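Below is one structure, written out as C-alpha cells; comments come after it.
Readers should treat all values here as calculations from the given coordinates under stated rules, not as data from a laboratory. Everything quoted here is computed from the prediction, not taken from an experiment. Counting neighbours? That spans all protein chains shown, and the Cβs are built from the backbone with ideal geometry, glycine included.
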Number of protein chains: 2
Amino acid sequence: MAPTGGEGGVLDELDARLLLLLTDEPRLGVLECSRRLGVARGTVQARLDRLVRRGALRGFPPQLDLAAVGYGLTAFAILEIAQGRRQQVAERLAAIDEVCEVHATTGQGDLLVRMVARSNADLQRVIDEVVDVEGVTRTSTSIALSTPVPPRVRPLLERSLGEPAER
Amino acid sequence: MAPTGGEGGVLDELDARLLLLLTDEPRLGVLECSRRLGVARGTVQARLDRLVRRGALRGFPPQLDLAAVGYGLTAFAILEIAQGRRQQVAERLAAIDEVCEVHATTGQGDLLVRMVARSNADLQRVIDEVVDVEGVTRTSTSIALSTPVPPRVRPLLERSLGEPAER
DNA sequence: ACCTCCACTGGGCAGACTGCCCAGAAAATC
DNA sequence: GATTTTCTGGGCAGTCTGCCCAGTGGAGGT
C-alpha cells in the first residue's frame, strides 16, 4: 500500500496543508501552492488529482452571499411526514427553488429543511409552500436571526495536521 | 444610475449566467467564460470584480466531501439556552472542531447546531461536548440519515435569468 | 437636440502558469 | 536487499492573465 493511501480516506499532513492553503486563498495556482508548501510542482498536482479522484475534493464552487444577492432571510423547518412518503416529500421540496438544503433525520422530526427568502412576505409564501407539500403531517419552523458559526471545515483540517495520516 | 447597478444588490441576467457557468465548471478561466457567454473578456473580468466588490461573490473555496475524509456522520442539535447566554454559548460551540455551523433562531429552540463525527462513538463524544456547554438548558439531537437535497443555490440563480435586474 | 457618462468591444503585449513528459533520488514495503 | 511508489527538478509548447487603449452605443441629464 502507498504510505498515503488509505481506504478510510484520511488526509496526509501534506494534503491537509494543501487544503488549508486553498481554503484561505482558493485562487492560488498549482505553482504558487508548491512554492508555499515547499514541495515540487508535480507533487502538488499529483496530490490534487488524487484528492479529486478519491472524492475528497469536490471542486471549487463559487460561494455566493445570498444576503448580498437579495435573499436576506433564512429559515429552518422540521417536518414530520406520513409513513413511507419521505422520498416523495423530498422530491416535492427539491422542486421549490428557495429550498436550499434538506436532510432526512432520526428523532421526532423526519426532515430538516433550510430555505431562504427575500422578505417576510416572501418567506411566508415559501414556508406555506413547504408545509403544504402533500405528506407533511406536522411542522415546526424557525427563522435564523444570526449565524454565530458560518459553515466551516477549517478546524477539522487543522486537526489533521497533527495526525501523520491514516489510523 | 447604471443599467446594471442596483443598491438592493440583485443580479443582472449576465451576472446570473456567469455565476451559473461558474457553478457548473468552477475552474473555468475568465477567457473561457467570455467565450461561452458570448461577451468580451474585459466584460467578464469587470463583472467578476464587481460581484466580489459588492460582496455577492465571496470566492471559490475548495469543497470537501467530509464523508470521504473520514467524517461520515452528521448530526443536528437544537439547543435551548439560559437567558442572555446565547453569545457565550455560541463561542464555546465555536471552539469545538466538529461543530461545523451554528445558527441562532426564533422558535422554541435557540440555537441550531450542525456537527460531524468519524464514528458512532465519536459522535457520542461530540454530542456530549455540545450538550455539556455551560448555559445549555435543553437539547434535542438528530442524526442525519441522508441528504435528499444537498446545499444548493442553482435554482435561485436560474430564476434570476428571467428577471432583467433590480426590482 | 446635444452632451456626458458608462459599459462593452476587440485588439495587443509581456509575463506567468498549466498540462505533460522524463530521469534520477528518496523513501516505504516486502 | 529488491521492489514499488513518491517526490524532485527540469524542459517545452500552448494558453491564460493582468493591463492598457481607442472606438462604439445606449441612457440620462440639460
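Worth pointing out:
- Nearest residue to the symmetry axis between A and B, taken on chain A by its Cβ, in whole Å: A:Phe60, 2
- Ranked from shortest, the separations from the 7 Å Cα-to-Cβ label point of A:Arg138 to its equivalents in the other copies are 1.4 nm.
- Pairwise FRET efficiency - A:Arg27 versus B:Leu161, Cβ, R0 = 41 Å, nearest 0.05: 0.95
- Size of charge dipole - the range B:13-61 - debye, nearest 20, with Cβ of Lys, Arg +1 and Asp, Glu -1, no other charges: 160
- Cβ-placed point charges (K, R +1; D, E -1), dipole of chain B about Cα centre in debye, nearest 20: 560
- Long-range Cα-Cα pairs in the protein assembly as shown (distance over 32 Å), rounded percent: 36
- A crude spin-label estimate for the pair B:Ser146 and B:Leu37, with each label 7 Å from Cα along the Cβ direction, gives 3.7 nm.
- Peptides A:129-135, A:112-118, ordered by how many other C-beta atoms sit within 10 Å of their residues on average, highest first, read A:112-118, A:129-135.
- Sorted shortest first, the separations between the A:Gln83 label point and its copies elsewhere in the assembly read 4.6 nm; each point sits 7 Å from Cα along the Cα-to-Cβ line.
- Inter-chain Cβ neighbour count for B:137-146, averaged per residue, equals 4 (cutoff 10 Å, partner chain atoms only).
- Average beta-carbon neighbours from other chains, 10 Å sphere, peptide B:67-79: 5
- Rg in Å to one decimal, and Dmax rounded to a whole Å, for the range B:66-143 via C-alpha atoms: 12.0, 39
- For peptide B:48-58, the mean count of partner chain Cβ atoms within 10 Å of a residue's Cβ comes to 3.
- The magnitude of the dipole of the protein assembly as shown, with charges of +1 and -1 set on the Cβ of Lys/Arg and Asp/Glu and taken from the Cα centre, is near 880 debye.
- Shape category assigned to the range A:13-61 from the gyration tensor of Cα positions, a/c cut at 1.5: oblate
- Note on B:Gln45 and A:Ala82: their simple-model spin labels are 5.9 nm apart, each label 7 Å out from Cα toward Cβ.
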